[in-house]
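The structure appears right after this line, and notes come after that.
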Amino acid sequence: MVFIYRHNGHAGCTKERTFGEEDCNQRSIGRQGRFLRKHDKPYAQKGAGMKKSSITILGGILCMAAVLAACGGTAETGNYTALEITSSGSAETVEELEAESVTATGEPEIVTIYYGSSMGKELSTEEVEVPRKTPETIIGELRKKNIVSVDTKVNDFTISEDKEKLTLDLSAGFRDYLKTMEEGSEAVIMAALTNSFLAAYDAQEMVVTINGQRLETKNRVYEEGLRFVDMLD
């Protein structure tokens, strides 16, 4: 038979030792000590308490892991999935995003670009595909044909209510570019510019200005609207 000797020491400490039956007969028991068999109730209660504590700790760990998983992270990494935050934003920002969306998802457009030919009195044409038809994209294509200078910018562009008349306001770079040209070359440039815009917007007339003022070069003053040119003089 095996006995457990429990001794309650100072400061609430408890000591246990295991003895054989023979040892028990030879050892005296202090008044604070007593023998317990392993199947005695106090010992069994202690074992059950330890088992219950282990189950409680294990349950707590599993619960914590479940919470972390629900938050999108792990106990090891501590990384969490950020919640998506959306905002309506300002009207300007929303409009810009919508314009970008149209450009990204919309179908490309075809515009006809006019430029000078080797024949001198005729204009050549080329159909080009652009993501979106705008004054800027048309000027960009004309720049590739040397119809406008690299520093030519679009300041403003308007279409009349009846869609018959266009008004194109360009930067001073375009006027300075024309001033380097002879009369014949200037005529080609103005015809190519006019034809390209009238064809793109199906209009009848276009007025070209520089920084809001009339266009004036060493060869000509452009006060009236320009019309489509089939053949150069």
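Which residues' amide hydrogens lie under 5 Å from the amide hydrogen of LEU226, considering only partners 5 or more residues apart or on another chain, with H built in the peptide plane?
MET206, VAL207, VAL208
For the stretch 134-148, take each phi angle, set θ = phi - 60°, evaluate the Karplus expression 6.51 cos²θ - 1.76 cosθ + 1.60, and give the result in whole Hz per residue in order, putting x for glycine and proline.
So the Karplus estimates, Gly and Pro as x, are 9, x, 5, 5, 5, 4, x, 6, 5, 5, 5, 9, 6, 7, 10 Hz.
Run the numbers for ASN211 and GLU122: contour at 0.36 nm per residue of separation, minus the present Cα-Cα distance, in nm.
Numbers: separation 89, 0.36 × 89 = 32.04 nm, distance 3.00 nm.
Separation in residues times 0.36 nm, less the Cα-Cα distance, equals 29.0 nm.
Using a simple charge model, +1 on the beta-carbon of Lys and Arg, -1 on the beta-carbon of Asp and Glu, nothing else, what dipole does the stretch 104-222 show about its Cα centre, in debye to the nearest 20?
400
Just list whichever of LYS163/LYS218; LYS133/LYS218; LYS121/LYS165; LYS121/LYS144; LYS145/LYS165 have alpha carbons separated by over 22 Å in the model shown.
LYS163/LYS218; LYS133/LYS218; LYS121/LYS165; LYS145/LYS165
Every number in this text was worked out from the coordinates using simple rules, so none of it is lab data. Here the structure is a predicted model, which is why all the values come from computation and not from measurement. For neighbour counting, all protein chains shown are included, and Cβ atoms are generated from backbone atoms with ideal geometry for every residue, glycine included.
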